[in-house]
Structure formats: structure tokens, C-alpha cells
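*Asks:* The structure's right below; bear with me while I get my questions together.
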Amino acid sequence: MEIFLTFGLILVKMAVVIGVLFALPIPLTWIERKIAGHIQQRLGPMRVGWHGLLQPLADGIKLFTKEDHIPDNADRFLFTLAPIMALVPPFVVFVVIPFGDSFTIFGIEITLYIADMNVALLFVLGVAGIEVMGVILAGWASNSKYAVLGSLRTCAQMISYEIPMGFSVIGVVMLAQSMSLVDIVEAQSGLWNVVYQPLGFFVFFVAAIAEAHRIPFDLPEADGDLGAGYHTEYSGMRFAFFMTSEYLILVLMSALIVILFFGGWQGALIPLPGPVWFALKVGFFIWVFMWLRFTFPRYRYDQLMTIGWKVLFPLSLANILITGIFFA
């Protein structure tokens, strides 16, 4: 009986997480447009619904009804597979993301995460990197020079920035003595890691911007020289899959920043439930990502690679050295 109950709870938690993740891009598109409007001294969406609240619904109807076009010379199988490969990894990663502490109902302990792996951080970095395969396939299968260039840029960018990102979290692992995300959060009950790891946070944050393809590191989709990058030839729901994937990566990077450096669901001063603290922190960093998009210009591609290899990579190594000297 206990096995069936545990299995049922896992299924319920999976259904809730998948439902929330599928729904998140809907409000995030509206919020991002509103942020863009206010930063640029305009109103943003206003025509569909009160203050444009129904604009995401109108966009969804458009994507559902838009012609599903496949170029004549494209590889139809890979062209169809690419959006799925880009969408699935962000969902899988959230299996190990803890949203709060455990609580007990009717004698049953319920954890606010699906799984707690002892190598959860390694799992996150590994599975999230698979998303680039969908992008590469999308560019290659489209048989378009703009799409191929966009996919190659994505590949080089993600490899370049995943290395300093991986090194930047080693200091956090050294402090927590664990790669479990739950253990990392619990180790910050006294003081958040950002106090001990400001350099690691900086490297991780900049690398996260590049991983999420956000300005100033959105070279894979540079509309000025690539049209739309790797998804130039995509339309309809396949295009929506890529956009959903990008928003989920944005949420994932914000959640990882909160878990690794800002205490996860640990609160401060105001007594709020752990999941509320977690949601507020993640929402703040999502806002920061969006604010940066409409504030800074795009880097040139050589500048992008220079920052990754000549700035972030040495800083991540320096952070490991400093952590080993002072905290090991």
C-alpha cells in the first residue's frame, strides 16, 4: 500500500510540475512585453483584453492556426524531431528542482520536489546541455544558411559558457559538501552562499544569460544578420516549442541561481512559507533577465567568445582556488 501511495504522489507532483511549466510561458510573454514597453516609455500590449492580458491567448490561437511549413529540401524527420529535443530537456531537469521544504499531512511526509539525487547538480548541468542538440538539428535540417549559422553559433556559445558555469558551482559544492540541491539549500540556513561566493555568483549569472540566449548574448537569434537564427524556417506549433523551451530555460536558470546562491526557499526577516519565498526570488531574477534584455546592446560574436574564454573561465578557476584556500 505504501508503495502505491508513494507512486501516486510522484505522479501527482509530476502532473502539477508539467502543468505549471506548460502554463508559465503564457504570463511570461505578457510580462516581458510590458517590461519592454515601460523601459522604452510605451504601454506595451493594450488592445486584447484589459491592459493586453489576453494577448498571450491571441498569440496561442495564431500559433495553433498558422500554417505548418516545412521547406522542400529540408530533412523532414530531423526538422520535426528538433523542436521536441529542444523542449524535453528543460522539463526533465525540473525533476530534481526543490521548490520548498517537506511537510506532513495526515502522517504522510510530502516533499516539494519529485526526486532528490545525490548528484542532482551534475544531472541538471548534463541534461540541460542536451537542449543544444535540438538547436543544432533545427539548423541543419532546415537546409538554410541562416539557420545553420545560428545553430553553429549556439553550439559554440553553449559549450563555451557551460564550462565556466560548471566550474562556478564547484565552490558551492565545496561549501555544502554535496551535489544534492536539497542539501545545498539546507547548508545555507545560516548565511546564503552569495556572501561566500560573490565571484562564483557573478560567473554563473553571466553564463546563465548566455545559456538562456538572452541579450546581450542572443547571437544565435541575431535578427540583424541571421533573420531569426536556427528557427528561421519554423512556424506554428514547432516555433512555439522553441519559444517555450527558451522561457523554461530562463525559469530554470533563475531557479538555479536562487537554489545555489540565494538560499532557495530560505526566507529572511518576513515569515513567509518556503515556496512563496522561492517563487518571489525566482520571479525577481526572471525580471532581472528581462530588464537586461531591454537595457544592453548585443555583443559582437568575437566579443562573446572572448568574454567566455578569457574572462569567465579564469574567474571561475580563481573562485575555486579562493574557496579552497579560505573555506576548505
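The values are calculated or read from the model by the stated rules, or taken from the named source; none is laboratory data. All of these numbers come straight from a predicted model, not from anything done at the bench. We place every Cβ from the backbone using ideal geometry, glycine too, and count neighbours over all the protein chains shown.
*Asks:* Could you tell me how many of the residues in region 160-188 are surrounded by 19 or more Cβ atoms within 10 Å (Cβ to Cβ), polar (S, T, N, Q) and out of contact with any helix residue (DSSP H, G or I) (no Cβ under 7 Å at 6 or more places or on another chain)?
*Replies:* Number of matching residues: 1.
*Asks:* Follow-up question, since we're still on this one. Does region 13-35 contain at least one residue that is β-branched (Val, Ile, Thr), more than 20 Å from the chain's Cα centre (by Cα) and within 21 Å of Ala279 (Cα to Cα)?
*Replies:* There is no residue in region 13-35 that is β-branched (Val, Ile, Thr), more than 20 Å from the chain's Cα centre (by Cα) and within 21 Å of Ala279 (Cα to Cα).
*Asks:* Would you please list the contacts, defined by Cβ atoms under 6 Å and residues six or more apart or on different chains, that run from a residue in region 48-60 that is of a type in the set (Asp, Glu) to a residue that is part of a loop (DSSP other than H, G, I, E, B) and loosely packed, with under 14 Cβ neighbours inside 10 Å?
*Replies:* none
*Asks:* Quickly run through region 189-200 and pick out the residues that are among the polar types (S, T, N, Q), touching a helix residue (DSSP H, G or I) at 6+ places or on another chain (Cβ under 8 Å) and outside any helix (DSSP H, G or I).
*Replies:* Within region 189-200, Gln197 is the sole residue that qualifies.
*Asks:* Only one residue in Ala255, Ala268 is under 15 Å from the mean Cα position of the chain (by Cα) and either more than 30 Å from Phe79 (Cβ to Cβ) or not acidic (Asp, Glu) (or both). Which one?
*Replies:* After applying the criteria, what remains is Ala255.
*Asks:* So Leu121 clears everything in (1) more than 19 Å from the chain's Cα centre (by Cα); (2) part of a helix (DSSP H, G or I) except one condition, right? Which one?
*Replies:* Only one criterion is unmet by Leu121, namely (1).
*Asks:* Right, another one. Check region 212-225 and report whether any residue there is part of a helix (DSSP H, G or I), over 18 Å from Trp291 (Cα atoms) and at pLDDT 85 or above.
*Replies:* Checking region 212-225: not a single residue is part of a helix (DSSP H, G or I), over 18 Å from Trp291 (Cα atoms) and at pLDDT 85 or above.
*Asks:* How about region 125-165: which of its residues are on the phi < 0 side of the Ramachandran plot and either in a loop (DSSP other than H, G, I, E, B) or aromatic (Phe, Trp, Tyr) (or both)?
*Replies:* Passing the criteria: Gly129, Ile130, Trp140, Ser144, Tyr146, Tyr161.
*Asks:* Still on this structure, please answer the following. How many residues does region 116-146 hold that are surrounded by fewer than 14 Cβ atoms within 10 Å (Cβ to Cβ) and at pLDDT below 85?
*Replies:* Selection size over region 116-146: 1.
*Asks:* Next up: Restricting region 271-296 to residues that are out of contact with any helix residue (DSSP H, G or I) (no Cβ under 9 Å at 6 or more places or on another chain) and part of a loop (DSSP other than H, G, I, E, B), which is farthest from Glu246 (Cα to Cα)?
*Replies:* Here the answer is Pro271.
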